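The values are calculated or read from the model by the stated rules, or taken from the named source; none is laboratory data. All values derive from a computational prediction rather than experimental measurement. Heads up, the Cβs are rebuilt from the backbone with ideal geometry, glycines too, and the neighbour counts pull from every protein chain shown. With ligands, DNA and RNA removed, areas are computed over all heavy atoms of the protein, side chains included. Shrake-Rupley method; radii C 1.70, N 1.55, O 1.52, S 1.80 Å.
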Amino acid sequence: SFLGAASDPAFFTVRKNSFPVPLVTVSGEGAYRRSEEISILAKVDYSSCDDAELTASFEWTQTEGPGVATASPGPLLFFAKETLAAGFKYVFSLYVELQDQSTLQAAKKTVSFTVERSELAATIAGGSRRLSNSQPPVTLDASGSKDPDDPLDSASLLFVWSCFDSAGLPCRAQDNSKLVYPGQAKISVDLASFTPGEFTFQVAVSKQSRSASSSVTLSIRSEYVPETMLSCPSCSDQSGTIFMNPNKRLIIEELKLNASLASFVWSVNDPAVQTLVDALFPAPSTYLVIPPFSLPPGREYVFSVETEVAPEGGQLCTGSCKGSASITIFVNRAPFGGSCDVNPKVGNEIFDEFLVTCQDWVDDLENSQLKYQFGYDGPNGDALFGMSTNSERALVLPPGKVNVSASIQDPMGGVTFVRNIA
């Protein structure tokens, strides 16, 4: 005191314990299609000051949505495709526990996602083709149409067929009666009922509130036409449009004619691709195989084949008998037109959240649901989080200069990478 008196010294002990409450982040929340796998991944972040080797335990408990088995003792909550009911929000409570010899620390987090119905896929086998009204009836087959949510349940799909002539009017038989077809996956078309011309056949596939459609054009002639049909096993039908990814081989096959009895001439509506086709297949072939990355993305290509066979008994042709078929393929373009940003640019490890936001990304697929994946790498750690439909994510970053990245993916698997977001 100011009089010079002093108390006895007092001592106390401070024990430094580098055992903070675990900071838990979760990736994979958002919206899923029932036809997709669902992966929700939890990650525990530790302070860089903590040298202890600790093991976290994870416990997932469902709190909302139709009851499902969660048997997930670890950081990953996983559900196989077609497992969860569509049209619901699912909420889980995540409990994370850290234990050393004397101390228990725990954190709790609420995790949610929704499961939506997928779009129906409508398709008619064989593509557009040339036929003769002197031929036997031809079958139009839409049995490849499906509900991606229940691919084995074809019985629930409803089919409605319609036919239009080149003027857009309903098809009529030669006796002027309107042509009507049964509501089933396969229909028989009596070619003798048609006068020569171009006719578009469309199938509308529906299930409850969802629907999709696909169409082909039949060019019907009066002379004999060898039936010619094309298939693209390397393609995917999305809402009636045939898509392929540019990093895959394109395979187109002719399905009906015997290679030893017919000739084949292939063409495509792009001069550069035509030159490639001619170089790859100088001799007649029943198929085409185009190498990956040969077709620029974002373009539509019409592949056609002209076929010829010699007339046989009773077949009337002007010279040889000629057929044709075509198939239109759109080469998928990865998501484009958007940007990604992160804020703040500078902050503190563990305590500050860095919000990564991606916006204005679009895709060639109509009404497609894009997915986003975020990650980072730096001198003191890296991470790649699960993919979800959320276009933004808050990150807790390690110390040092960190490179933040994002990838944007469409339903066909086309991916755009954005690196070193600043």
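Work out how much length Asn390 to Leu104 would gain on full extension: take 0.36 nm times their residue separation and subtract the Cα-Cα distance, in nm to one decimal. Don't jump to the answer; show the numbers that get you there.
On the way: separation 286, 0.36 × 286 = 102.96 nm, distance 3.31 nm.
Residue separation times 0.36 nm, minus the Cα-Cα distance, leaves 99.7 nm.
Looking at Ala212, Gln202, Thr228, which one has the Cα that reaches farthest to the positive end of the dipole of the stretch 197-249 (charges on Cβ: Lys, Arg +1; Asp, Glu -1)?
Of the candidates, Ala212 comes out farthest on the positive side.
Report the trypsin sites (Lys or Arg not before Pro) located in the stretch 315-422 that are in a DSSP loop and have at most 11 other Cβ atoms inside 10 Å of their Cβ, or state none. All intermediate terms of the calculation are to be shown ahead of the outcome.
Details: sites: Lys322, Arg333, Lys345, Lys371, Arg393, Lys401, Arg419; in loops: Arg333, Lys345, Lys401.
Those that pass, being in a loop and sparsely packed, are Lys345, Lys401.
Taking the Cβ of Gln208 as the center, what net charge do the other residues with Cβ under 15 Å away carry, scoring Lys and Arg +1 and Asp and Glu -1? Don't skip to the end; give the middle numbers.
Numbers: positive: Arg34, Arg117, Lys146, Lys207, Arg210; negative: Glu116, Glu119, Asp147, Asp149, Asp150, Asp153.
Local net charge: -1.
Protein chains only, probe 1.4 Å: how do Glu306, Glu29 rank by accessible area, largest first? Display every interim value, and only then the final one.
Numbers: Glu306 80, Glu29 45 Å².
In descending accessible area the options line up as Glu306, Glu29.
May I ask for the angle, rounded to the nearest 10°, between helix 271-280 and the longest principal axis of the chain, with both axes built from Cα atoms and the value confined to 0 to 90°?
The angle comes out at about 80 degrees.
In nm, to one decimal, how far is the modelled label at Phe12 from the one at Asp141, with both set 7 Å along Cα→Cβ?
Distance between label points: 8.5 nm.
Under the classification rounded if a/c is under 1.5, otherwise prolate if a/b is larger than b/c and oblate if not, where does the stretch 171-317 fall, given a ≥ b ≥ c as square roots of the Cα gyration tensor eigenvalues? Write out the running numbers ahead of the final one.
On the way: a/c = 2.42, a/b = 1.19, b/c = 2.03.
It comes out oblate by the Cα gyration axes.
When the accessible area of the chain is split by element with a 1.4 Å probe, what percent falls to carbon and sulfur? Kindly include the intermediate steps, with their values, before the conclusion.
Working: 11310 of 22220 Å².
With neighbouring chains kept in place, the figure for the chain is 51 percent.
Please give, to one decimal in nm, the separation of the simple spin-label points placed at Glu37 and Leu355, each 7 Å out from Cα toward the Cβ.
Taking the two extended label points, one gets 3.2 nm.
With only Lys, Arg, Asp and Glu charged, each at its Cβ (+1 for the first two, -1 for the last two), find how big the charge dipole of the chain is about the Cα centre; round to the nearest 20 debye.
Values: 30 positive and 47 negative charges, 95 e Å.
Value, rounded to 20: 460 debye.
In the stretch 273-320, which chymotrypsin sites (Phe, Trp or Tyr not before Pro) are in a loop and have at most 12 other Cβ atoms within 10 Å, using DSSP for the loop call?
For chymotrypsin sites (Phe, Trp or Tyr not before Pro) across the stretch 273-320 that sit outside H, G, I, E and B with at most 12 neighbouring Cβ atoms in 10 Å, the list reads Phe293.
Write down Rg/Rh for the stretch 285-422, rounded to two decimals, with Rg from the C-alpha atoms and Rh from the Kirkwood relation over Cα pairs.
Values: Rg = 24.9 Å, Rh = 18.9 Å.
With Rh from the inverse mean 1/r over Cα pairs, Rg/Rh is 1.32.
Within the stretch 105-256, how many Lys pairs sit with Cα atoms under 27 Å apart, leaving out pairs fewer than 8 places apart on the same chain?
Lysine pairs satisfying the spacing and distance rule in the stretch 105-256 number 9.
Let me have the 222 nm mean residue ellipticity of the chain computed from DSSP H runs of 4+ only, each contributing -39500 (n - 2.57), with the sum over all residues rounded to the nearest 500.
Details: 1 runs with 10 residues, N = 422.
Only helices count here, giving -500 deg cm²/dmol.
Want the number for Ala69 to Leu261: 0.36 nm per residue separation, take away the alpha-carbon distance, what's left? Mind showing how you got there, number by number?
Working: separation 192, 0.36 × 192 = 69.12 nm, distance 5.86 nm.
Residue separation times 0.36 nm, minus the Cα-Cα distance, leaves 63.3 nm.
For a label point 7 Å from the Cα of Leu316 along Cα→C-beta, name the residues of the stretch 198-230 whose backbone N is under 14 Å from it.
Once the point is set 7 Å along Cα→Cβ of Leu316, 221-225 turn out to lie under 14 Å by backbone N, inside the stretch 198-230.
Nearest 0.05, what FRET efficiency do Asp165 and Thr241 give at R0 = 30 Å with Cβ-Cβ as r?
The calculated FRET efficiency here is 0.85.
Counting other Cβ atoms within 10 Å, keep those with at most 10, restrict to DSSP loop, and tell me which chymotrypsin sites (Phe, Trp or Tyr not before Pro) in the stretch 324-422 are left.
Details: sites: Phe330, Phe336, Phe351, Phe354, Trp361, Tyr372, Phe374, Tyr376, Phe385, Phe417; in loops: Phe351, Trp361, Phe385.
Those that pass, being in a loop and sparsely packed, are Phe351.
In whole percent, what relative contact order does the stretch 156-279 give with Cα contacts below 8 Å and a gap of six or more residues?
Details: 167 pairs, mean separation 22.6, N = 124.
With pairs under 8 Å counted, the relative contact order is 18 percent.
Tell me the per residue accessible area of the stretch 308-400 using a 1.4 Å probe; a whole number in Å² is fine.
Numbers: 4710 Å² over 93 residues.
Dividing the accessible area of the stretch 308-400 by its residue count gives 51 Å².
Which shape class, rounded, prolate or oblate, goes with the stretch 260-365 when its Cα gyration tensor gives a ≥ b ≥ c as root eigenvalues, a/c under 1.5 marks rounded, and past that a/b bigger than b/c marks prolate? Don't skip to the answer; put the middle values down first.
Numbers: a/c = 5.18, a/b = 4.01, b/c = 1.29.
Prolate, because a/c is 1.5 or more and a/b exceeds b/c.
Can you classify the chain as rounded, prolate or oblate using the Cα gyration tensor, where a ≥ b ≥ c are the square roots of its eigenvalues, rounded means a/c under 1.5, and otherwise it's prolate if a/b beats b/c and oblate if not? Numbers along the way, then the final one.
Numbers: a/c = 3.90, a/b = 2.60, b/c = 1.50.
Taking the square roots of the gyration eigenvalues as a ≥ b ≥ c, the chain is prolate.
For Thr217, what accessible surface area do you get with a 1.4 Å probe? Give it in Å², rounded to 10.
50 Å²
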